[in-house]
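The structure appears right after this line, and notes come after that.
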Amino acid sequence: MNDASRMPLSDDKVGTEEDLSGPAAAQKIVDLVEAGDSCFFCTVGLNSRLHARPMTVVEVEAGGRLWFFTEIDSYKTIELDRDPRVTLFFKEGDNGGHLKLDGSAAQVTDRETIHRLWSPKLRAWFTEGQDDPRICLLRVDPASGEYWDNRHGTAVAGIKMLFGALTGQRTDDGVHGKLTL
């Protein structure tokens, strides 16, 4: 790695900056979401403040589009009717990557898409199954984001962190980047 690719991430931390756009950004989203598909799904609340709740992605498409199941009359759908902007925060394990996405959400009630994305475990929320009239999909189209990723996966990152703690040496070789779709 050359010195030009190492840039300070904060006053005392050095890592690699790797900004991605287009298909490369979409692939980074797919990789990070598939590694940790639960997120904090944030909408602009009725009080104009961010309103966060945990949600699980049911599908991430190759282009970076994300799909979620929800109830058609939930607070989040009411909030999205007023303002479709969303921010999603993902975290992959204790030593894994982090991802923040900004985009817009649209409600989808197309039965064919609901049936395609349906999983039997969703029956815990939708007691009438995939034809429950309360089902709504949220399609999130990311526009931009940021990610923090380690280079070697969770296990190696954990070992490197332990080594750094024992020796008092920095072992961070993470990557930070911006995503533009």
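The values are calculated or read from the model by the stated rules, or taken from the named source; none is laboratory data. Predicted, not measured: the structure shown is a model, and the values here were computed from it. Here the Cβ positions follow ideal geometry from the backbone for every residue, glycine too, while neighbour counts run over all protein chains shown.
Here are some residues: Thr113, Thr127, Thr154, Thr167. Which one is at pLDDT below 95 and either within 27 Å of Ala24 (Cα to Cα) or charged (D, E, K, R) (or both)?
Working: Thr113 fails: at pLDDT below 95; Thr127 fails: either within 27 Å of Ala24 (Cα to Cα) or charged (D, E, K, R) (or both); Thr167 fails: either within 27 Å of Ala24 (Cα to Cα) or charged (D, E, K, R) (or both).
The conditions single out Thr154.
I'm checking my understanding of the structure. Among residues of the range 101-110 that are touching a strand residue (DSSP E or B) at 6+ places or on another chain (Cβ under 7 Å) and either modelled with pLDDT under 95 or surrounded by fewer than 19 Cβ atoms within 10 Å (Cβ to Cβ) (or both), which one is nearest to Asp31 (Cα to Cα)?
Ranking the qualifying residues of the range 101-110, first place goes to Asp102.
Results for (1) at pLDDT 95 or above; (2) assigned to a helix (DSSP H, G or I); (3) of a type in the set (A, V, I, L, M, F, W, C), shown as yes or no for each residue.
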site: Phe40; (1), (2), (3): yes, no, yes
site: Asn47; (1), (2), (3): no, no, no
site: Trp67; (1), (2), (3): yes, no, yes
site: Asp81; (1), (2), (3): yes, yes, no
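Would you confirm whether or not the range 84-92 contains a residue that is in a helix (DSSP H, G or I), in contact with a Leu (Cβ under 9 Å, 6 or more places away or on another chain), at pLDDT 95 or above and under 22 Å from Gln107 (Cβ atoms)?
No, the range 84-92 contains no residue that is in a helix (DSSP H, G or I), in contact with a Leu (Cβ under 9 Å, 6 or more places away or on another chain), at pLDDT 95 or above and under 22 Å from Gln107 (Cβ atoms).
Please enumerate the residues belonging to the range 60-84 that are aliphatic (A, V, I, L, M) and free of Cβ contacts under 8 Å to residues at least 40 places away in the same chain.
Val60, Ala62, Ile78
What number of residues within the range 76-99 are crowded, with 19+ Cβ neighbours inside 10 Å and among the charged types (D, E, K, R)?
3
Does Leu122 meet the test of being among the aliphatic types (A, V, I, L, M) and assigned to a strand (DSSP E or B)? Before the answer, list the steps.
Working: among the aliphatic types (A, V, I, L, M): yes; assigned to a strand (DSSP E or B): no.
No: the conditions fail for Leu122.
When you look at Ala25, is it within 28 Å of Gln130 (Cα to Cα) and in contact (Cβ under 8 Å) with a residue 60 or more places away in the chain, yes or no?
no
Being polar (S, T, N, Q) and loosely packed, with under 14 Cβ neighbours inside 10 Å is the filter; apply it to the range 116-144 and report the residue that is nearest to the chain's Cα centre (by Cα).
Step by step, filter the range 116-144, then rank; the result is Ser119.
Have a look at Asp173, Asp149 and point out the one that is touching a strand residue (DSSP E or B) at 6+ places or on another chain (Cβ under 8 Å), modelled with pLDDT under 75 and surrounded by 14 or more Cβ atoms within 10 Å (Cβ to Cβ).
On inspection, the qualifying residue turns out to be Asp173.
For the range 91-128, enumerate the residues that are free of Cβ contacts under 8 Å to residues at least 12 places away in the same chain and aliphatic (A, V, I, L, M).
The answer is Ala124, and nothing else.
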